[in-house]
Amino acid sequence: MENGAGSSRINRCLIERERRRNMKTLYSNLFALLPPQPSKMSVPELVDQATAYVKHLQKKLEKYKQMKVQLEDKRPTAHTMRPPVLNIRDLGSNLEVHLITGLNMEFALSDFISILQEEGAEIVSATCHHTGDRAIYTILSQAIYPRIGIATSSVHERLTSLIC
């Protein structure tokens with residue numbers, strides 16, 4: 001019977017040694033996940049440090065979630081975006097085009113200039129101003145042939161079809 005009790009005791013020692021080895025590996029893995037710390041730290045200090053670090057990460061995550069919600073609230077949606085506004089003034093042989101759009105313009109300004117040129121206008125100046133979430137474009141053009149002029153109604157129709 002002594003032989004059986006001795007082997008049982010050796011068995012328990014081996015099991016305990018394996019458990020300690022496993023715990024040491026787990027603590028080492030936990031230590032590796034923490035930000036740089038002094039190399040020697042007791043197990044209770046390690047667990048306290050890990051707990052504090054996890055709480056810190058949770059607060060940081062919550063802060064980032066709130067920031068995400070705030071940014072999503074500020075992003076314009078389809079129902080809050082205003083449609084572009086087009087205004088054309090005929091000044092005899094000159095034509096002044098004003099376009100007010102959101103910053104997410106879905107057409108190129110070069111398309112506007114191309115249409116004006118196709119309709120017989122020469123671009124004199126073009127300016128752009130950004131205010132808040134809007135962009136204001138002003139294009140001043142003059143007729144290439146002043147006697148013929150620029151067909152304002154045709155320009156308005158083509159520019160309107162471009163922005164709608």
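One table, with the values for the structure above:
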{"quantity": "Packing rank of 11-18, 111-118, where each peptide gets the mean count of other beta carbons within 10 Å, highest leading", "calculated": "111-118, 11-18"}
{"quantity": "Check: the chain dipole with +1 on Lys, Arg Cβ and -1 on Asp, Glu Cβ, in debye", "calculated": "1680"}
{"quantity": "Proximal charge balance of Ile150 [Cβ under 15 Å; K/R count +1, D/E count -1]", "calculated": "-3"}
{"quantity": "Value at 222 nm in deg cm²/dmol, rounded to 500, when DSSP H runs of n ≥ 4 in the chain each add -39,500 (n - 2.57)", "calculated": "-18000 deg cm²/dmol"}
{"quantity": "Cα point-scatterer Debye curve for the chain, base-10 log of I(q)/I(0) at q = 0.11 Å⁻¹", "calculated": "-0.68"}
{"quantity": "Accessible carbon and sulfur surface of the chain relative to its total accessible area, %, 1.4 Å", "calculated": "56"}
{"quantity": "Modelled FRET efficiency - R0 45 Å, Ile144 with Arg82, Cβ distances, 0.05 increments", "calculated": "0.85"}
{"quantity": "Inter-site label distance for Arg134 and Lys63 at 7 Å from Cα along Cβ, in nm", "calculated": "3.7"}
{"quantity": "Cys164 versus Gln37: modelled label distance in nm, points set 7 Å from Cα along the beta carbon direction", "calculated": "6.8"}
{"quantity": "Inter-label distance for Ala50 and Ala108, nm, one decimal - labels placed 7 Å from Cα along Cα-to-Cβ", "calculated": "5.8"}
{"quantity": "Sequence of Tyr27, Tyr145 from largest to smallest accessible area, 1.4 Å probe", "calculated": "Tyr145, Tyr27"}
{"quantity": "Gaussian network model of the chain, springs between alpha carbon atoms under 10 Å - residue of Pro146, Pro35, Pro83 with greatest fluctuation", "calculated": "Pro35"}
{"quantity": "Partners for Lys24 among aspartates and glutamates (Cα-Cα distance below 14 Å; same-chain residues under 8 apart left out)", "calculated": "Glu16"}
{"quantity": "5 angstrom amide H check on Ser93, placed H, neighbours 5+ away", "calculated": "none"}
{"quantity": "Calculated on alpha-carbon atoms, Rg and Dmax of the range 85-162 in Å", "calculated": "12.2, 41"}
{"quantity": "Partners for Lys60 among lysines (Cα-Cα distance below 29 Å; same-chain residues under 8 apart left out)", "calculated": "Lys40, Lys68, Lys74"}
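The values are calculated or read from the model by the stated rules, or taken from the named source; none is laboratory data. A quick note: this is a predicted structure, and the numbers were derived from the prediction, not measured. Backbone-built Cβ (ideal geometry, glycine too); neighbour counts: all protein chains shown. For accessibility, only protein heavy atoms count, side chains too; no ligands or nucleic acids. Shrake-Rupley method; radii C 1.70, N 1.55, O 1.52, S 1.80 Å.
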